[in-house]
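Here is the structure we will look at, set down as structure tokens.
The values are calculated or read from the model by the stated rules, or taken from the named source; none is laboratory data. Everything numeric in this text was worked out from a predicted model, so none of it was measured. Backbone-built Cβ (ideal geometry, glycine too); neighbour counts: all protein chains shown. Heads up: the accessible areas ignore ligands, DNA and RNA and are worked out on the full protein's heavy atoms, side chains in. Shrake-Rupley method; radii C 1.70, N 1.55, O 1.52, S 1.80 Å.
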Amino acid sequence: PSPPPHPYPTPTQITRPDRLTTYPTLHRQIQRYITSFQYNHTGLPPFFKMRKDRGMKHVVNICKQIIKEGLPIQCVEAVFLGVYLTMNSLKFLSKAGGGVVPPAAVAIPVDDDDPPPSPKATALSGLSSGCRRYAGVLRLPISFKTSCNGNIYRHIVLAIYAHTGLPPSTTDSAWRWGALGISRRKTLMFKEMKYSTLGKLIKTFKDSYEASWHAVIKVNIGLPFSYDSEDVSRLYWKLKKVNIEDKEWKDCEEIFDSYSRECVGVYDYFAYNGKLPEMCTEEWIRGDKTMKDVRNQQRKSQIVIVKQAKGKAKSKKKKA
């Protein structure tokens, strides 16, 4: 006897883009594919055993299983799929359409005093070793903690920073932010590639939550995802943890925009040394201080320690 039909609809196929495809086109195709899995309304635990503390190799293996089974998914599985489906985005994009290095991936030294390389020098030298990891598309996990009628809700999306393939205007560049994901509400998942800053992208989610009678309590942003499918190093899903309730929104936007300029440098340090830089203190994680403020504070404390050591050495000499 023939096997029973699959109880769930088969996900649609992504049309293979040609070399002239811009990233916004590919962005919409990926979202259509993620949406075709449909949202899991059962209220049961996810069908797939996912662990966020594992590396990219685990993400890739889970995504292959999700695609093979074709079962309904929730927001975490959607982010996994978004990461997996954007891993080879560079080879599908023309140079004018997005296969170039984002300025955020070039001009983000960990130390703000270090001058970024000039665009001319970057173009002549090609993709740097740190920028190859991001293949011209920067991907960050953003999770939200909200409250409604006394209940706490959590949601996660994948923020994307890429070249739109359009000529830059006189006042702005052609690089934009967008988002991939899945949710019960259409306003809390996909966002077109049209937002100039990360803060403006998160503001649209905040407005969408408020339109659904939710109050945003906290926004968490992780480190960029690697493009190495065999990478087993830890993934930071929640590195920047900003409490929205005790801050003005203007200050929150500045924190998010500052982090979008710092995150690649932080990840490069983590990938090379296996640990976060010392400047990632609790105050920086909460958004109370910028990385530059933390560094200046650490330098002042080091100067004080050196002066104290010199004073002790002088007193010992006098006693001698």
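Of the residues in segment 181-232, how many are part of a strand (DSSP E or B), closer than 23 Å to Gly287 by Cα and not hydrophobic (A, V, I, L, M, F, W, C)?
Looking only at that region, the number is 3.
Tell me which of these Cys263 doesn't satisfy, since it passes every other one: (1) in contact (Cβ under 8 Å) with a residue 40 or more places away in the chain; (2) open to solvent by 60 Å² or more (accessible area, probe 1.4 Å).
Checking Cys263 against (1) in contact (Cβ under 8 Å) with a residue 40 or more places away in the chain; (2) open to solvent by 60 Å² or more (accessible area, probe 1.4 Å), the one that fails is (2).
I'd like the residue in segment 255-304 that is of a type in the set (Asp, Glu) and assigned to a helix (DSSP H, G or I) and, out of all such residues, is farthest from the chain's Cα centre (by Cα).
So the residue we want is Asp293.
Could you identify the single residue in Lys307, Lys292, Lys241, Lys300 that is surrounded by fewer than 16 Cβ atoms within 10 Å (Cβ to Cβ), charged (D, E, K, R) and at pLDDT 90 or above?
Lys241
Please state which of the following conditions Val232 fails to meet, knowing it meets all the rest: (1) open to solvent by 40 Å² or more (accessible area, probe 1.4 Å); (2) out of contact with any helix residue (DSSP H, G or I) (no Cβ under 9 Å at 6 or more places or on another chain); (3) among the β-branched types (Val, Ile, Thr); (4) closer than 29 Å to Arg51 by Cβ.
(2)
Taking the condition modelled with pLDDT under 50, buried (at least 16 other Cβ atoms within 10 Å of the Cβ) and more than 13 Å from the chain's Cα centre (by Cα), does Pro119 pass?
no
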